[in-house]
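Following: one structure in structure tokens, then a few remarks.
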Amino acid sequence: MTILHISNKSNFTKEEALKLFQPYTEEKDFHYFKSLSKAKDFLTNNLIEKEKHLDFIISDWKFNNDNSKTILNWIRNSLENYSSSNFQLKSIPFLLVEDRENQSANISDGFDAVIENFPNNFVNLKHNITSSIKKWRTSLADDLELIGLDPKTKTNYSIHRKSFISYYKLKVLSKTFVEKKSNSLNYIWSDFDYNNLVNSNELFEKKMKETLRKPTKYLEKEFHEFLCDNPTFVKGENFNKLLYEKHLYINNTRRYNEPDFINKPYEYSIRYPEIFEVKRQSQRLFWKNKDQLLSKAKKGFEQVVRYKKYMESKNEANEFYIKKYLGKVYNEYEYTLLMGSSEEKRYNENLVEELKNDFNFSEVSLVTYEDLLNKHIRLCDRLNEFNIF
């Protein structure tokens, strides 16, 4: 899920906030601001101008001489759409963090929920997030029924849908969604096979244990095949197309780069295409008792950096192949290296970041196999918890 959190707590860091919201989001999907003006700029630039998606907003109340009611009113009175023009901006769930010193009884009007004793009462936080998202999705389901569309069946519209004029009855769906004759919602929470996703978690964990016990020559390829068969491990909920071993030819020669995966985002996602490279789970990062990256671990980072230089080269010959696979050249890209164990990464977290900076690997995200599994488990838990469709 993509979240906007607006905090007035000076000593409350993004890392601390992310720990609270980790059941609902991932680091790159968590947007954190300390001022209302910056948060409004974020909403304007991304949701209104670029029609990106956001699942909910949660904000403190008081900010110097202003309060979050100003953004709430701006949103609730908006006529704009967001998320590829599928939804009305005024419908977006907006949660308020309780402020006993400055809030009166009528302040909560217009907010979808009030979070008591934040951040200490996680049960209350979870309850209000769940109820707010379910309320929004229930309203969306009602809208779909009103216009005669089942997003899962993807069938033709009924006769009354073609002549639909009761736009004022729509609570979440936009008039644009109805008029462009959309016949499906391409969000993972509107069309997924929960049992298959849950079963894939068990298969991945089993495969991890087996390959650590009996590593094979073709270990990386085995995980390639698994990820091709179970693409949500890489795609998550923000990416819609997983490209496998595409040849990125260099300067129109026969030489090419071949990243394991290229992950293409949905148009409504606030994300960029991701280069995703797979290395062994058993690959250690450091020499024993030495503060140095092992040569094979370093080569893994260097390989991703080579892909980075290609993707950002501004070379027309290289851009031809980027357009061929992604449809266009993007302003930014994301880079992920799947390698190693969480235990070694966790005990050397500061050293990992220090060495990444020393070798100019800072833009490469190091994800371990346990990290990837836990991320997918969280995704499955969210789909189960918020399921309406």
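So here's what we get for this one:
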{"read-out": "Separation in nanometres of the label points that stand 7 Å from Cα toward Cβ, at I388 and E353", "value": "3.7 nm"}
{"read-out": "Computed magnitude of the charge dipole of the range 3-179 (debye, nearest 20; Cβ of K, R +1, Cβ of D, E -1)", "value": "400 debye"}
{"read-out": "Most mobile listed residue (S139, S83, S295) in the chain, GNM with C-alpha springs under 10 Å", "value": "S295"}
{"read-out": "Percentage of interatomic Cα-Cα distances in the range 3-179 larger than 29 Å", "value": "24 percent"}
{"read-out": "CD proxy at 222 nm, helix term only [per DSSP H run n ≥ 4: -39500 (n - 2.57); per residue of the chain; nearest 500]", "value": "-12000 deg cm²/dmol"}
{"read-out": "Chain lengthening between K38 and R254 when straightened (0.36 nm per residue, less Cα-Cα)", "value": "73.0 nm"}
{"read-out": "Ranked list, fewest to most other Cβ atoms within 10 Å of each Cβ, for H31, H224", "value": "H224, H31"}
{"read-out": "Residues Y32, Y82 arranged by fewest to most Cβ contacts within 10 Å", "value": "Y32, Y82"}
{"read-out": "Dipole in debye (nearest 20) - the range 55-138, about Cα centre, beta carbon charges: Lys, Arg +1; Asp, Glu -1", "value": "320 debye"}
{"read-out": "Residue list for the range 41-70, given a label point 7 angstrom along the Cα-to-Cβ vector of S10 and an amide N cut-off under 13 Å", "value": "64"}
{"read-out": "Share antiparallel - DSSP beta bridges, the chain, percent rounded to 5", "value": "40 percent"}
{"read-out": "Long-range amide H partners of N240 with built H, under 5 Å", "value": "K264, Y266"}
{"read-out": "Rg to Rh quotient for the range 194-385, alpha carbon positions, Kirkwood Rh", "value": "0.96"}
{"read-out": "Those lysines that a straight Cα-Cα span of less than 22 Å connects to K180, excepting residues fewer than 8 apart in one chain", "value": "K50, K52, K90, K152, K154, K162, K169, K171"}
{"read-out": "Cα-based radius of gyration of the chain once divided by 2.2 N^0.38 Å, which approximates compact folds", "value": "1.07"}
{"read-out": "Neighbour-count ranking [beta-carbon atoms within 10 angstrom, fewest first] of F63, F177", "value": "F63, F177"}
{"read-out": "Student exercise, the chain dipole from Lys, Arg, Asp, Glu Cβ charges, in Debye to nearest 20", "value": "940 debye"}
{"read-out": "Over the range 60-113, volume per residue of the alpha carbon convex hull, in Å³", "value": "83 Å³"}
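Values quoted throughout were computed directly from the atomic coordinates according to the rules given, and no laboratory measurement underlies them. Everything quoted here is computed from the prediction, not taken from an experiment. Don't worry about glycine lacking a Cβ; one is built from the backbone with ideal geometry, like all the others, and counts go over all protein chains shown.
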